[in-house]
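Undergrad: Input: one structure, supplied below.
The values are calculated or read from the model by the stated rules, or taken from the named source; none is laboratory data. Computed from a predicted model, the values in this text were never measured in an experiment. Each accessible area value is taken on the protein alone, full model and side chains, heavy atoms only, with ligands, DNA and RNA left out. Shrake-Rupley method; radii C 1.70, N 1.55, O 1.52, S 1.80 Å.
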Amino acid sequence: MTTTNSSTEERVSRLEGAYEHLATKEDVAKVETEVVRVRADVATLEGRLIRWMVGAVISGMIAISALTALIVRLLN
């Protein structure tokens with residue numbers, strides 16, 4: 001993309017303009033901080049989900065056991 005008619009100033013200006021959209025160190029640091037926060041949120045939610053699932057499974061097992069015991073008593 002280099003042209004022989006462009007002056008050095010024009011070429012440098014074009015290169016500087018191309019770098020304006022790139023992330024700075026500050027931008028990268030902000031994203032890294034946000035990623036750490038999101039990971040912590042996911043870990044918290046994962047822990048809550050596991051507790052709810054364990055509770056639901058245990059409750060279901062108790063309900064099925066009680067229903068089974070009721071059916072056995074009714075059939076005898």
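Undergrad: Candidates [x] -0.82, -1.09; [y] -0.62, -1.04; [z] -0.65, -1.18; which is the computed log10 I(q)/I(0) by the Debye sum over Cα atoms at q = 0.16, 0.26 Å⁻¹?
TA: Here log10 I(q)/I(0) by the Debye sum over Cα atoms at q = 0.16, 0.26 Å⁻¹ agrees with entry [x].
Undergrad: Follow-up. Could you check how much of the accessible area of the chain is carbon and sulfur, as a whole percent, using a 1.4 Å probe?
TA: That share works out to 65 percent.
Undergrad: Moving on. Report, in whole Å, the centroid distance computed from the Cα atoms of the stretch 1-42 and the stretch 51-65.
TA: 53 Å
Undergrad: To the nearest 500 deg cm²/dmol, what mean residue ellipticity at 222 nm is calculated for the chain from DSSP H runs of n ≥ 4 alone, each contributing -39,500 (n - 2.57), summed and divided by the residues?
TA: My calculation for the chain gives -29500 deg cm²/dmol from helical runs alone.
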